[in-house]
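The values are calculated or read from the model by the stated rules, or taken from the named source; none is laboratory data. Source: prediction; values computed, not measured. Note that we place each Cβ from the backbone using ideal geometry, even for glycine, and neighbour counts take in every protein chain shown. Calculation scope for accessible area: heavy atoms of the full protein, side chains included, ligands and nucleic acids excluded. Shrake-Rupley method; radii C 1.70, N 1.55, O 1.52, S 1.80 Å.
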Amino acid sequence: MQASSSAVARDGSRSVNGQGQARQWFRRGLISLALVLLAAVVLAALGPFGSFAEGGFGARLGYWLPAVLVGFAVFRPIVWLGEWAARTLELPRMAAIGGAVLVGAVPATLAIGWLGGGLRDGLPPLDALAPLYFNVALVGALITLLFVSLERKVETDRPPDGTASQPPSPPSPFLDRLPADWGGELHALEMEDHYVRAHGPDGRSLLILMRMADAERELAGTDGLRVHRSWWVARRAVEGRERDGRRLVLRLKGGLEAPVARDRAGALRDAGWI
């Protein structure tokens, strides 16, 4: 019966995580659309790169809106590939994104050049495309920087998806080892030699003589994950995450910081934590 209850709880947790991820993607889509429209309006108002000669604001908006939409459709997937390469190959994130922008500016230049009518009679010499490429790369870099900055702020400031809407976890034998005044609130476990240090509310901690593997087994069914050889973390204790080069750290309640091992990053990503 206990195994069945744990399975139901895990299924419910996965369902909530899926709903949370769907809401997150929908929210990001709306934000992306709003930023694209805002960029088109700003560019139409400023009329850069000679577009002021297109006529009034309405005419300039008629040029910049499809241009920005086309640029977004080209740049965004290529920038995503750059971010994926940065995570997979452990490259500097901003350098990978910058390279992706320069690559994405090539098809974006051709698409926007065709949209403006300059390429419908054939491909002009490369030196004639250079100014357009520079303008497309510059605008693409600025808009991409805006998107990346916004996403970084969201990832840093908000806890992992579904943290606030997780269903109650089933009772865990390990929680019975904690002081009664903790109220079953466990933030993290940290391995110290033959002990595990349980971190709880108000910065309190407790050393317990047992192996981390045994503690993790007793916490089966609790909404938490082993994020490092020496750390187990409860999802509800995570307040944010930070990346310093190749090092990923989870910020926890009480000022704790738990490192994420490279071989555990995939499991955390699948669970919606990162």
remark   = With x for Gly and Pro, the residue-by-residue ³J(HN,Hα) of the stretch 187-195, computed from phi through the Karplus equation 6.51 cos²θ - 1.76 cosθ + 1.60 at θ = phi - 60° and given in whole Hz, is 8, 6, 10, 10, 7, 9, 6, 8, 10
remark   = Length gained if Leu102 through Leu145 is fully extended, taking 0.36 nm per residue and subtracting the Cα-Cα distance, is 14.2 nm
request  = Describe numerically, in nm with one decimal, the distance between label points set 7 Å from Cα along Cα→Cβ at Arg229 and at Asp270.
outcome  = 2.2 nm
remark   = For Gly224, the residues 5 or more places away or on another chain with a placed amide H closer than 5 Å to its own amide H are Arg235
task = Provide the gained length on full extension for the span Asp244 to Ala180, in nm with one decimal, where the gain is 0.36 nm per separating residue minus the Cα-Cα distance.
result = 19.3 nm
query = Using a 1.4 Å probe on the protein chains only, how many percent of the accessible area of the stretch 229-274 belongs to carbon and sulfur?
reply = 40 percent
ask   = How much accessible surface area, in Å² rounded to 10, belongs to the heavy atoms of Glu83 with a 1.4 Å probe?
value = 20 Å²
note = Once normalised by the length of the stretch 198-259, the mean sequence separation of its alpha carbon contacts under 8 Å that are 6 or more apart gives a contact order in percent of 23 percent
